[in-house]
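See structure below.
Bear in mind these aren't lab numbers, they're just calculated from the coordinates by the rules spelled out. Please read all numbers here as calculations on a predicted model, not as lab measurements. Cβ placement follows ideal geometry from the backbone for every residue including glycine, while neighbour counts extend to all protein chains displayed.
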Amino acid sequence: MSDVKQNLIVLPQILSIPMRFATGPVMGYFLQELRDHQRIMANRCHVCGRFQLPPREVCAICRVPVTEFVEVGPEGVIQSYDLVYYASPDPLTGQARQAPYTTCNVLLDGVQGDDTLWHLLNETDPKKIKRGLRVRAVFNEHRTGSMHDIKYFELI
């Protein structure tokens with residue numbers, strides 16, 4: 001090894017690979033209901049009764065196929081939240097979120113058990129946010145069949 005220091009060259013760039021993938025029948029139905037009817041659909045296991053949100057093809061507990069859908073929400077209760085001061089990138093778009101922002105786990109009305117939906121909350125004042133507060137989903141006017149069809153949850 002040489003004692004000569006090397007200057008590193010930094011080339012910032014965003015890599016984008018255009019691709020399409022199938023959501024599958026269960027997630028496809030969930031996203032279609034968000035887009036077309038502004039409805040949040042969970043699925044319920046016929047063996048143990050567990051609700052899954054977002055829905056999954058197989059119960060995480062019983063490992064049996066789950067085909068029953070139940071409309072839940074659009075209101076619910078904050079179970080937990082995070083107030084974020086770091087402008088992390090949105091995993092779906094790659095765009096940095098403006099900080100601060102708040103994420104929350106919402107136990108939606110109609111869900112039996114403790115399966116929550118993780119999403120954004122439109123409040124960043126820590127004095128106004130606490131566990132147990134009621135919230136409601138606010139849907140985007142232009143919906144595309146993604147989790148972004150729910151714009152955020154707002155305090156009621």
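Given Cβ point charges of +1 (Lys, Arg) and -1 (Asp, Glu) and nothing else, what value in debye, to the nearest 20, does the dipole of the chain about its Cα centre take?
160 debye
Between THR67, THR93, THR23, find the one with the highest GNM mean-square fluctuation for the chain; connect C-alpha pairs within less than 10 Å.
THR93
Picking from GLN13, GLN32, GLN98, which is most flexible by a Gaussian network model of the chain using Cα springs under 10 Å?
GLN13
Please report, in whole Å³, the volume per residue of the convex hull around the C-alpha atoms of the chain.
Per-residue hull volume (Cα only) is 200 Å³.
Calculate, for TYR29 and GLN79, the FRET efficiency according to 1/(1 + (r/R0)^6) with r their C-beta to C-beta distance and R0 22 Å; round to the nearest 0.05.
0.35
So how much slack lies between ARG131 and GLU71, counting 0.36 nm per residue of separation and subtracting their Cα-Cα distance, in nm?
Additional length available on full extension: 19.3 nm.
At 0.36 nm per residue, and after removing the present C-alpha to C-alpha distance, how many nm does the segment from PHE21 to VAL64 gain when stretched out fully?
Using 0.36 nm per residue and subtracting the Cα-Cα distance, I get 13.1 nm.
Mind checking the angle between helix 24-37 and the chain's longest principal axis? C-alpha axes, 0 to 90 degrees, to the nearest 10.
80 degrees
Choose one of GLY94, VAL72, CYS59: the residue whose Cα lies farthest towards the positive end of the charge dipole of the range 12-152 (beta-carbon charges +1 Lys, Arg; -1 Asp, Glu; about the Cα centre).
The one lying farthest along the dipole's positive direction is GLY94.
Return a whole-number percent for the relative contact order of the chain, with Cα pairs under 8 Å and 6 or more residues apart as the contact set.
20 percent
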